[in-house]
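What follows is a single structure, written as C-alpha cells, with notes after it.
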Amino acid sequence: MGVLYKKYTLFFLGLMTLIVFPLLSWVLMYFIPDSFNVSYKTMFKISEQDYALIPLFLSLGIVFGLFVIWLAELDYFEKSMRKYKKIFGNYKLTLFYVFFLSICAGVGEEIFFRGVIQPLIGIWLTALFFVAIHGYFSIKDKRINSFALLLTCFIVLIGWAAKEYSIWIAISAHFSYDLVLLFYYKSTN
C-alpha cells in the first residue's frame, strides 16, 4: 500500500506541476499584461532557426546532469546530497515516472519561471528563486550552497536561452537535466 500511495503522490505532483504552473502563469499574464513583452499565446512561438538549438540544449541538460551526478558522488558533496538521493530513493521510480516527471517539470516550471517570473524580476533573481524553492540553499551547509550556486549558473543559462530564443529551448534543457538525474536515482535504488 505504501508504494502505491507514493506512486499516486508522484503522479499527482507531476500533474499539478504540469497544470497549476501554466494556469497560474496565464492568470498572472491576464491580470498584469503590461508587465510582459509577450502574450501567453506568443510565449510558445519558435522560429525555424531556433529548432536547431533544441538538440544542443537537450545535450546541455544531459551533460550538466551527468556533471551533477559526478559532483554528488565526490566526497566533498556526498553527505550534503544524500538527502536528495534518499527522497527520490523512497519513491522507487519507474521508467514511466522518470519520463513523466521530467516532462511535467520541464514544461510546467519553465512556463511559470521563464515565461512569467523572469520578465518580472530578471534572469538572475528568477534563477536564484528557482534554485531556492527546490531546497538547494542552506544556512548551515556551505557545500550545498556551493552546489546551489553552480546550479544557479545553469538555470541562468537556460533563462537566457528562453529570453533570447524560445521557451522551448529552456524546456528542452530542463527536461533532459531532470531525465538524467531521475534516471540516475532510479538506477541507484
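Inspect the range 88-102 for any residue being within 23 Å of Leu150 (Cα to Cα), touching a residue at least 60 places away in the same chain (Cβ under 8 Å) and surrounded by fewer than 18 Cβ atoms within 10 Å (Cβ to Cβ) and give the result as yes or no. Don't jump to the end; show me each part of the working.
Quick first cut of the range 88-102, residues within 23 Å of Leu150 (Cα to Cα) only: 88, 101-102.
Of the ones still in play, those that are also touching a residue at least 60 places away in the same chain (Cβ under 8 Å) are 88, 101-102.
Remaining after also requiring surrounded by fewer than 18 Cβ atoms within 10 Å (Cβ to Cβ): none.
The answer is no; no qualifying residue exists.
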query: Has the range 27-41 got any residue that is surrounded by 12 or more Cβ atoms within 10 Å (Cβ to Cβ), within 17 Å of the chain's Cα centre (by Cα), touching a residue at least 40 places away in the same chain (Cβ under 8 Å) and assigned to a helix (DSSP H, G or I)?
result: no
- prompt: When the range 1-60 is examined, which residues are found to be at pLDDT 85 or above, touching a helix residue (DSSP H, G or I) at 6+ places or on another chain (Cβ under 6 Å) and among the polar types (S, T, N, Q)?
  reply: Thr17, Ser25
- request: Identify, by number, the condition in (1) touching a Pro at 6+ places or on another chain (Cβ under 8 Å); (2) surrounded by 13 or more Cβ atoms within 10 Å (Cβ to Cβ) that Glu78 doesn't meet.
  value: (1)
field: Tabulated pairs, the range 130-144, first more than 11 Å from Ile155 (Cβ to Cβ) and basic (Lys, Arg), second surrounded by 15 or more Cβ atoms within 10 Å (Cβ to Cβ) and at pLDDT below 90, C-beta under 6 angstrom, 6+ apart or interchain
entry: Arg143/Phe77; Arg143/Ser80
task: Being exposed (fewer than 15 other Cβ atoms within 10 Å of the Cβ) and within 30 Å of Lys45 (Cβ to Cβ) is the filter; apply it to the range 133-165 and report the residue that is farthest from the chain's Cα centre (by Cα).
output: Glu164
- prompt: In the list Ile46, Ile69, which residue meets the criterion of being part of a loop (DSSP other than H, G, I, E, B) and not charged (D, E, K, R)?
  reply: Ile46
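Can you find, within the range 132-189, the residue that is nearest to Gly108 (Cα to Cα) among those that are in a helix (DSSP H, G or I) and among the basic types (Lys, Arg)?
As a first pass, look at the range 132-189 and keep what is in a helix (DSSP H, G or I): 132-133, 142-164, 167-188.
Remaining after also requiring among the basic types (Lys, Arg): 142-143, 163, 186.
Values: Lys142: 30, Arg143: 29, Lys163: 17, Lys186: 22 Å.
Among those residues, the one meeting the criterion is Lys163.
Say we look at the range 120-132 and pick out the residues that are touching a Phe, Trp or Tyr at 6+ places or on another chain (Cβ under 9 Å) and at pLDDT 95 or above; which of these is surrounded by the fewest Cβ atoms within 10 Å (Cβ to Cβ)?
Of the residues in the range 120-132, the ones touching a Phe, Trp or Tyr at 6+ places or on another chain (Cβ under 9 Å) are 120-121, 123, 126-131.
Next cut, at pLDDT 95 or above only: 123, 126-131.
Details: Ile123: 18, Thr126: 23, Ala127: 23, Leu128: 18, Phe129: 16, Phe130: 24, Val131: 21.
Residue satisfying both the conditions and the ranking: Phe129.
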- prompt: Applying the selection to the range 67-76, what residues are under 16 Å from Cys153 (Cβ atoms) and either touching a helix residue (DSSP H, G or I) at 6+ places or on another chain (Cβ under 7 Å) or touching a residue at least 24 places away in the same chain (Cβ under 8 Å) (or both)?
  reply: Val68, Leu71
task: For the range 80-101, indicate whether the set of residues that are over 18 Å from Ile171 (Cα atoms) and either of a type in the set (Asp, Glu) or under 16 Å from the mean Cα position of the chain (by Cα) (or both) is non-empty.
output: yes
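The values are calculated or read from the model by the stated rules, or taken from the named source; none is laboratory data. Since the model is a prediction, treat every value here as computed from it, not as a measurement. Note that each Cβ is placed from the backbone with ideal geometry, even for glycine, and that neighbours are counted across all protein chains shown.
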